[in-house]
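Notes follow the structure.
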Amino acid sequence: MSNAEKPVIVVVGSLHYDIMVDAPDRPRKGETVTGHGWRPKFGGKGGNQAVAAAQAGARVRMAGAVGDDEFGRFLLEALQAGGVEAAHVRKLAGIGSGMSVAISDAGGDYGAVIVSGANLHLDPAHLEEADLWRDVRALILQNEIPDRLNLAAAGAAHRVGATVCLNAAPFRPLSDELVALVDLLVVNALEAEALSAVPVTDLASATKAAQALAARFPIAIVTAGDAGVAAMAPGQPPVALEALPVELVSTHGAGDAFMGTLVAALAAGGSFAQSLAQANRMAAAHVSRRPEPL
Ligand code: RIB
């Protein structure tokens, strides 16, 4: 498909220089654990989702901010290498790029810290530029940039008739103004529980949480890790997809692979069920390999 034929997706969100540490276990409070490897990689939920959407066949424009530093240069190059248009990513002087440290344990789980840096300092006025929104079909947002930026982006997308998609990760309370603009919500089990007050422990409870969230969001999707994915959309039967059986290597970034793939598939005209299944397959493939530098 030529670039001109691809559906256009705008991603407004975070860019992080990720430092990935492999260790037998994650340290508990006050504990020092001896790890056995580390490597840097491109990251940030916004950046990961932008690359996933581009890899799934969308034309992706990213808006965000990096610092005028080595990490920022790395992030811009990696974004472009991942097939994402980066003209709307600002390089801010005097402030460091966002970064993260993630410690992955032998079981494939991880714990991470993010330092947002430049991601917090994008001027919302940059999100008003008309060429950012030209021909856009969908907007992807996450919770790693300030709510006022998400709100500015969602408002601009709404005005041009684009579908506003929010991956509400990591959890934070959502403003009523933002909720009113969101067409499609994706959350994991913990975020679903925090937003819906329904504890998510299996596919049945994920379905209950998705039903509760569907009272506030037109489309509500709960990704429940190895329990599967539950989804509700207007005029569609509820979807409950079992997780695909895979050997778990690392869950890091799997939600981002799901989100970028899902929105790209929907923007390309895929049915709800087909797009969910495609995203589910991509997330399964993602957890079965080690996160690599882009
Ligand atoms: O979802 C994984 C991402 O979350 C990482 O790339 C990290 O930077 C954090 O933002």
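Any chance the stretch 218-231 includes a residue that's more than 22 Å from Gly253 (Cβ to Cβ), within 22 Å of the chain's Cα centre (by Cα) and assigned to a loop (DSSP other than H, G, I, E, B)? Yes: one or more hits. Screening Gly57, Gly35, Gly30 for residues that are in contact with a Lys or Arg (Cβ under 9 Å, 6 or more places away or on another chain), away from the ligand (no atom under 16 Å from the Cβ), at pLDDT 95 or above and assigned to a loop (DSSP other than H, G, I, E, B) leaves exactly one candidate, Gly57. Total residues in the stretch 232-256 satisfying the condition of being outside any loop (DSSP other than H, G, I, E, B) and closer than 23 Å to Ser100 by Cα: the figure is 3.
Looking only at residues of the stretch 128-152 that are farther than 30 Å from Asp226 by Cα and part of a strand (DSSP E or B), we find that the one that is most open to solvent (accessible area, probe 1.4 Å) is Arg137. Is there a residue being in contact with a Pro (Cβ under 6 Å, 6 or more places away or on another chain) and either at pLDDT 95 or above or open to solvent by 40 Å² or more (accessible area, probe 1.4 Å) (or both) anywhere in the stretch 261-284? Among the residues of the stretch 261-284, at least one is in contact with a Pro (Cβ under 6 Å, 6 or more places away or on another chain) and either at pLDDT 95 or above or open to solvent by 40 Å² or more (accessible area, probe 1.4 Å) (or both), which makes the answer yes.
For the stretch 153-174, the set of residues classified as open to solvent by 30 Å² or more (accessible area, probe 1.4 Å) and part of a loop (DSSP other than H, G, I, E, B) consists of Val160, Gly161, Pro170, Phe171, Arg172, Pro173, listed by residue number. For the stretch 272-282, the criterion of a residue being touching a Ser or Thr at 6+ places or on another chain (Cβ under 9 Å), farther than 27 Å from Leu151 by Cβ and within 16 Å of the ligand (Cβ to nearest atom) is satisfied by at least one position.
Please tell me if Gly13 is surrounded by 13 or more Cβ atoms within 10 Å (Cβ to Cβ), closer than 30 Å to Cys165 by Cα and either within 13 Å of the ligand (Cβ to nearest atom) or not aliphatic (A, V, I, L, M) (or both). Yes. Taking the criterion of being open to solvent by 40 Å² or more (accessible area, probe 1.4 Å), in a strand (DSSP E or B) and under 24 Å from Arg134 (Cβ atoms), the residues of the stretch 73-117 that qualify are Glu85, Ala87, Arg90, Lys91.
Evaluation of Ala212 against the conditions (1) open to solvent by 30 Å² or more (accessible area, probe 1.4 Å); (2) assigned to a loop (DSSP other than H, G, I, E, B) shows that the sole unmet condition is (2). One residue stands out among those in the stretch 118-127 that are more than 16 Å from the ligand (Cβ to nearest atom) and within 22 Å of the chain's Cα centre (by Cα): the one that is most open to solvent (accessible area, probe 1.4 Å), which is His121.
The values are calculated or read from the model by the stated rules, or taken from the named source; none is laboratory data. Keep in mind that what you see is a predicted model, and the values were worked out from it rather than measured. Note that each Cβ is placed from the backbone with ideal geometry, even for glycine, and that neighbours are counted across all protein chains shown. Accessible surface is based on the protein model in full, side chains and every heavy atom, while ligands, DNA and RNA are left aside. Shrake-Rupley method; radii C 1.70, N 1.55, O 1.52, S 1.80 Å.
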